[in-house]
Every structure is written in C-alpha cells, then in structure tokens.
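Structure first, commentary second.
The values are calculated or read from the model by the stated rules, or taken from the named source; none is laboratory data. The shown structure was predicted, so the numbers you read here are calculated from the model rather than taken from an experiment. Every residue, glycine among them, receives a Cβ derived from its backbone with ideal geometry; neighbour counts consider all protein chains shown. For the accessible areas, the whole protein counts, side chains as well, though only heavy atoms, and no ligand, DNA or RNA atoms are used. Shrake-Rupley method; radii C 1.70, N 1.55, O 1.52, S 1.80 Å.
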Amino acid sequence: MSKAMLQSMPQTMYDKIWANHTVEERAGGTALLYIDKHLVHEVTSPQAFDGMRAAGRSIHRPDSIIAVPDHNVPTKDRHLPNPDPMSTAQLTALEANVKEFGLNYIPMDDKRQGIVHVVGPEQGFTQPGVTLVCGDSHTSTHGAFGALAFGIGTSEVEHVMATQTLQLKKARNMRVTVTGSLPLGCSAKDVALAIIAEIGTAGGTGYVIEYAGPVIEDLSMEGRMTLCNMSIEAGARAGLVAPDGKTFAYLKGRPYAPGDDQWDAAVAYWQELPSDHDAKFDKEVTIDGNAIVPLVTWGTSPEDVAPVTGCVPFVAEFEAEAKQEAVIKSLEYMGLSEGQLIKDIAVDRVFIGSCTNSRIEDMREAAAVIKGRHVADRIIEAMIVPGSGLVKLQAEEEGLDKIFTDAGFQWRDPGCSMCLAMNPDKAGAGEHVASTSNRNFVGRQGPGARTHLVSPAMAAAAAIAGHFVDVRDFIRGSS
C-alpha cells in the first residue's frame, strides 16, 4: 500500500506524526525517522560527544539542541564544592562539550536551569507534532503537548547529533480513555498509578499510548506532563495527549515557541494532529476516573499499587507463581507484611520533586496540604525540589517557599535530586521514602532505600503525619 493511500485512511495522532517524519521506509518494518528536537544533559552525552569528536563530525543542526545539567547538580548549596567527583566530572564535561560544539546551553547558575523535561516545555521548545528525543527514558513527558517524544541510548544520541535521524520500528497504537471526573484529593499522579495498576508495567510494551477522555481533557498541562512522564513505567514507547486550547495557551509567547508572524500557521497545523474520529487503535483500555482514589505503591514496581485506605496484598491473591515470588521479594526488601494497612507504614523521608512532580502546580498542591502544619518529629528529612529556577522563582513570588520552610521542609535548588540518587541527595538503607518521583525499583533512591510513589499532596500529608494518611482527611480539615 502506498504512503498516499495510507495517509488517506483514518489515522491516529501517532500515525500522523510518524508519517510526517518518515524519511525512508526500510525492510523489516523499520523506517528512517527525522528528529526535530533534541534535549541533552550531562549523563548520557559525554560518550556521544567523544564519538563525534573522534569521527571529526560536526552537529548536523545545532539549533535543534538545548543542553542543560540536571541529574548531578547539587540542590542544597551550590556555593560549596560538589562532594561527588563523578558528578563534577560529568558537569564539567557537558560545559566543555557544548562550548566546543556551539550548542544552546543553560548553565547551572542560570535561572532557567532545571530538569530537562521541565525546561523544554517551559521554554516552548516542546511543541505539538514534533519528534523530540533525549538520552533519558522519561522523555515521554513531552507527549503532553502532542509531541512524539521518547528516550534514546548514548549511541543514538550521537546518531541524532550527526544525522538528525533515527532508524526505528513503528510501535502499535493504544488508547487509554479515562472517563468521569477525578474525585476529591486525586491528581494526575493518581491517574498514572491507576493506569499502571490496571495494565501492568508491561501493558504498554510495543505501543505508543494516547490518553483520552474527560479526565485527561480536564487536566492542566502540568497534569498531562505528569501522566505522559509515567508512560514509560507502563512499558510504552511514548505517551500522547491531543493538543488543544490549553496547549496553545501554555506555549504562546514562550522563548522557543512560534512568534506572532508564525503563530496562526502553527496552530492551524497543530489542530490537524488529533486522531481522526474513526481511527482504529490496536488496543483500547478504559479507566473509570470516578473510581480513582489516592494511591500508594507498596512494592518495588510501579504496578504494586494500593489505595491509601487499603492494605498490602497477600501473596495468595496473585495467581502466577512468578508474580508471587516477586511479591515475596518485594515485601522482604520493603520491610512490609502481608495485610499490613497502608496507613500503618511509617515514613522516614519525604521527597517532592522529579520530572514527574516538580512544576508550579505540584508546589501549590503540596502547599495546600502543608499550610499551617508542621513536619512530624520522626521525619529525618523532608525536601521540596522545584523542577527549574523559574518554578522556584514563581513559587517564591507566591509565598509557597515560606509555607514550606515554616513547616520544616527544606526548600532546595532545582535538579533531579533524590529521584535517582546520582547526587548527594540520597535516602539511607531501610528508610521508607514518600516520593513523588516515577520509579520505586530496588536501590533507586539510595542503596537499600524503600520508595513509595505518591502524589505531591499525599507526600506532603505523610510528612506531616509521619506515616501514610488519606489526604482527603487533610483537605476536609481533619488531621
């Protein structure tokens, strides 16, 4: 079937973006895909730059790249020397490489600096209909704008730098429709966890997920970014939300967004991107948004989810022997017992931040719970890490930082921080962490650390109580 015939058929949004960027179709179902945008940070880029240098290559399109340090940056006191030599080496290498290759760079002392998946949208670099890559799995975040965005490996980083293309096999189409409306105390993080609990961490393998339905439409751009960020935790290649008026309003006037002379044409193109009404999806999943409740992970996989009002499951509840074995190992690592109430899990540290939940809406969500309260005595450390310097400035203009510090929280500088323990921000062995990040794997936040994924509101409530609590009680005025 010809490309023209395919494009005349009803198409999903993914189909349209893929077709618009196919340079050449190749054998075995692969295609050479043109890449519009490339975000670079200090962890996965050094080897790529070395490869470019060794081959005597130049960057194919320097204007398609923004580089920003995020994974290794200190968040506590940047005036002090970085205590980690490896972090220092990677940060120094990034600065030298971007200078040598002439790339757009946002340095650590720039107010725009932050987590790459927060900075890209903030700067209007992320746009509907583009292909966008980064050497980081959570590049799926940018799908909130209707961009086909996905993480790539170090060798692919070099390939995009040199050729502006990638050879890829097209994924299948999945649509997840969330009906109804979100109940009190629930946010985009609970939606993401509810979807992963339903389909599992392998449920999206081989697919690009398009999120649809009234709950998705009602989400803010920040909420859509949270949701798409965790698409990778469901095994998907990428996540997408159709661009709409909220998308356009968010982008208007941002530094890298189309200017006034190009704006109308850009919007006209963006409005053509949503899936055709009769487009066929390879897999359809429906989630009842009215039934979503505040959720907490209890195990070492994002699919190990329970309502805050529930309990740790019993091993016998799972039919598959392999899953039973995994649950036994998870409970042993997490220091939990079958049937233990989620509310009885004591918390040692609290981390509100990461590319999942570090935007201004997340700060406001946490502040609404924290205001007038104080961190429990048993909490070793409760930190709030904004996703960028601009988020930090806005939060401070709104007085949120004072709410946090008055309550005993640490108000940090922007960066990835405790999400992945590649910097001084780590949890200790055996400590339970209420975390707004995206992964709860063994050792993710420090050797032996026990991570529980929750929303910003739930993390804030756990910090106040010293254990997991139903944030709806806090919202209703009960403590």
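Each row is one residue, and each column tells you yes or no for (1) under 18 Å from R439 (Cα atoms); (2) touching a residue at least 40 places away in the same chain (Cβ under 8 Å); (3) of a type outside the set (D, E, K, R); (4) touching a Gly at 6+ places or on another chain (Cβ under 8 Å).
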| residue | (1), (2), (3), (4) |
| --- | --- |
| G339 | no, no, yes, no |
| I352 | yes, yes, yes, no |
| A368 | no, yes, yes, no |
| H374 | no, yes, yes, yes |
| D377 | no, yes, no, yes |
| E381 | no, no, no, no |
| V391 | no, yes, yes, yes |
| Q394 | no, no, yes, no |
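Take region 320-375 and flag every residue that is closer than 30 Å to G389 by Cβ, assigned to a helix (DSSP H, G or I), open to solvent by less than 30 Å² (accessible area, probe 1.4 Å) and not aliphatic (A, V, I, L, M).
Residues of region 320-375 that are closer than 30 Å to G389 by Cβ, as a first pass: 347-375.
Okay, now just the ones that are also assigned to a helix (DSSP H, G or I), so 360-370.
Subsequent filtering for residues that are open to solvent by less than 30 Å² (accessible area, probe 1.4 Å) retains 360, 362-363, 366-367, 369-370.
The answer is D362, and nothing else.
Please return the ranges of helices (runs of 4 or more DSSP H) entirely within region 188-258 where 2 or more residues are touching a strand residue (DSSP E or B) at 6+ places or on another chain (Cβ under 7 Å) and acidic (D, E).
Working: elements: 188-199, 214-218, 221-229, 245-251.
The helices (runs of 4 or more DSSP H) meeting that bar are 188-199.
Taking the stated definitions as given, is W270 surrounded by 21 or more Cβ atoms within 10 Å (Cβ to Cβ) and not β-branched (V, I, T)? Outline the logic, then answer.
Details: surrounded by 21 or more Cβ atoms within 10 Å (Cβ to Cβ): yes; not β-branched (V, I, T): yes.
Yes: the conditions hold for W270.
Against the definition (under 23 Å from M363 (Cβ atoms) and in contact with a strand residue (DSSP E or B) (Cβ under 8 Å, 6 or more places away or on another chain)), how does D282 come out, yes or no? Step through it out loud before you land on a result.
Values: under 23 Å from M363 (Cβ atoms): no; in contact with a strand residue (DSSP E or B) (Cβ under 8 Å, 6 or more places away or on another chain): yes.
Answer is no for this residue.
Condition (residue is over 20 Å from R224 (Cα atoms), modelled with pLDDT of 95 or more, in contact with a Lys or Arg (Cβ under 8 Å, 6 or more places away or on another chain) and of a type outside the set (F, W, Y)) applied to region 254-271: is it met by at least one residue?
no
Scan region 322-378 residue by residue and report those that are hydroxyl-bearing (S, T, Y) and at negative phi.
Within region 322-378, S330, Y333, S337, T356, S358 meet the criteria.
Give A461, A429 a once-over and let me know the one that is touching a residue at least 12 places away in the same chain (Cβ under 8 Å) and crowded, with 23+ Cβ neighbours inside 10 Å.
Answer to the selection: A461.
Cβ-Cβ distance below 9 Å, separation of 6 or more or different chains: which pairs start in region 69-94 with a residue that is closer than 15 Å to Q47 by Cβ and basic (K, R) and end on one that is at pLDDT below 90 and surrounded by 15 or more Cβ atoms within 10 Å (Cβ to Cβ)?
none
Take the residues in region 160-201 that are more than 22 Å from the chain's Cα centre (by Cα) and among the charged types (D, E, K, R); name whichever of them is most open to solvent (accessible area, probe 1.4 Å).
This residue is K169.
What are the pairs, 6+ residues apart or on separate chains, where a residue within region 268-296 that is more than 16 Å from I199 (Cα to Cα) has its Cβ under 6 Å from a residue that is hydroxyl-bearing (S, T, Y) and open to solvent by less than 20 Å² (accessible area, probe 1.4 Å)?
Close Cβ pairs (under 6 Å, with a partner that is hydroxyl-bearing (S, T, Y) and open to solvent by less than 20 Å² (accessible area, probe 1.4 Å)) amount to S275/T12; A279/T12.
Let's see how each residue does on (1) closer than 27 Å to A31 by Cα; (2) open to solvent by 50 Å² or more (accessible area, probe 1.4 Å); (3) touching a Phe, Trp or Tyr at 6+ places or on another chain (Cβ under 8 Å):
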{"position": "I106", "(1), (2), (3)": "no, no, no"}
{"position": "I115", "(1), (2), (3)": "no, no, no"}
{"position": "T126", "(1), (2), (3)": "yes, no, yes"}
{"position": "G146", "(1), (2), (3)": "yes, no, yes"}
{"position": "S155", "(1), (2), (3)": "yes, yes, no"}
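Six or more apart or on different chains, Cβ under 8 Å: which pairs go from a residue in region 26-45 that's free of Cβ contacts under 8 Å to residues at least 60 places away in the same chain to one that's open to solvent by less than 30 Å² (accessible area, probe 1.4 Å) and assigned to a loop (DSSP other than H, G, I, E, B)? Could you list them?
E42/P69; E42/D70; E42/H71; E42/N72
Looking at R450, is it open to solvent by less than 30 Å² (accessible area, probe 1.4 Å) and in contact with an Asp or Glu (Cβ under 9 Å, 6 or more places away or on another chain)?
no
Are there any strands (runs of 3 or more DSSP E) wholly within region 10-102 with 3 or more residues that are over 15 Å from E158 (Cα atoms) and open to solvent by less than 80 Å² (accessible area, probe 1.4 Å), and if so which?
The qualifying strands (runs of 3 or more DSSP E) are 30-34.
When both residues are 6+ apart or on different chains and their Cβ atoms are under 8 Å apart, which pairs have a first residue that lies in region 229-255 and is farther than 20 Å from V118 by Cβ, and a second that is of a type in the set (D, E, K, R) and surrounded by 18 or more Cβ atoms within 10 Å (Cβ to Cβ)?
These pairs meet every condition: A242/E210.
When the residues of region 202-232 are filtered to those that are open to solvent by 10 Å² or more (accessible area, probe 1.4 Å) and among the β-branched types (V, I, T), which remaining residue is nearest to I352 (Cα to Cα)?
I232
Which of the residues spanning region 368-390 are among the β-branched types (V, I, T) and touching a Ser or Thr at 6+ places or on another chain (Cβ under 7 Å)?
The one that is among the β-branched types (V, I, T) and touching a Ser or Thr at 6+ places or on another chain (Cβ under 7 Å): V385.
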